[in-house]
Each structure stands twice: as C-alpha cells, then as structure tokens.
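Colleague: Before anything else, here's the structure in question.
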Amino acid sequence: MQLNDDVQMIPLGSTAREQYAIPFLPLTDDGDVEFPPSIQELCRQLSAGGDLAYIEAEMFGGAGVQASVLVEAGGKIGSAIVAHDAINVALRSLGIRSGFGGDAFTSLALGRYRETDAWVDSGQE
C-alpha cells in the first residue's frame, strides 16, 4: 500500500493475522515486550527488500500507546520500543522525516483509518 512520500506499508489485517498466526496487537494490547515469532519470521522474509519497521498503535479516548520494532535488511531484528512516540522513532530511524511542523506519523497520514482492516478494505495500492 502506497503512503505519502513514496513510503510503502503492508497492513496486517484480520486475514493476514489468521493466515500467519499473528496475535492482535501483541506489544500494545498484551503489554509484551517479546516480539512474537510469527511476526519475526514474516519481517525477516520482507526484509530481503531492505530495512523495515513493524509498528502498531492502540488509541482510546485520545490516549494511547504505540510500539515499533526495527528490522534491518537481511533480517536482524531490533528490540521492541513501547512508548507514546514509538512509531515516529521507528520512522526517523528509517530516514522518514516530518513535514511542515508535523511529525512523520502525520506526514504519512498514518492516522487516516482507525482500524487496520479499514486500510485493507480501502483498496489503496
């Protein structure tokens, strides 16, 4: 899926989570800091094309938490970061900068949809 600034995203909606046995929001919902093996394997496969970040966010009533894990090209997996700005930390590490007074999350319009399945259903490619 194409985001702003030629950034690509692969949303892991319900179907992908079921197919790859990926737990729902394991870092933000369950509070784990251990990156699930099923997501590690998928990220290793995808990192053949270059560095990437696994990100997740859980928001409720304006407050929330974010998580990110950086994966280097070739599959070296970093530590999970769970914090209010974890996604922006990951995006900056990938060289994605904020634009015009916002942050990278906003610049990429990552808040466009509230649910991951809405990204999948939007059909944007």
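Read-outs: derived from the displayed coordinates by stated rules, not from any lab. Model, not experiment: these values are computed from the prediction. Glycine gets a Cβ as well: all are built from the backbone with ideal geometry, and neighbour counts include every protein chain shown.
Colleague: Which value, in debye to the nearest 20, describes the size of the charge dipole of the range 9-118 about its Cα centre when Lys and Arg Cβ atoms bear +1, Asp and Glu Cβ atoms bear -1, and nothing else is charged? Spell out each step's value before the answer.
Modeller: Values: 7 positive and 14 negative charges, 86 e Å.
So the magnitude is around 420 debye.
Colleague: Right, something else. Along Cα→Cβ, 7 Å out, is where each label goes; now give me the distance between the ones at Glu18 and Ser79 in nm to one decimal.
Modeller: Result for the modelled spin labels: 3.7 nm.
Colleague: Relative contact order for the chain using alpha-carbon pairs under 8 Å, separation at least 6, rounded to a whole percent? Intermediate results must be reported in sequence, preceding the final value.
Modeller: Values: 180 pairs, mean separation 29.5, N = 125.
Across the chain, relative contact order equals 24 percent.
Colleague: Right, next: Name the residue farthest towards the positive end of the dipole of the chain from the options Thr28, Tyr54, Ile39, assuming +1 on Cβ of Lys and Arg, -1 on Cβ of Asp and Glu, about the Cα centre.
Modeller: Of the listed residues, the answer is Tyr54.
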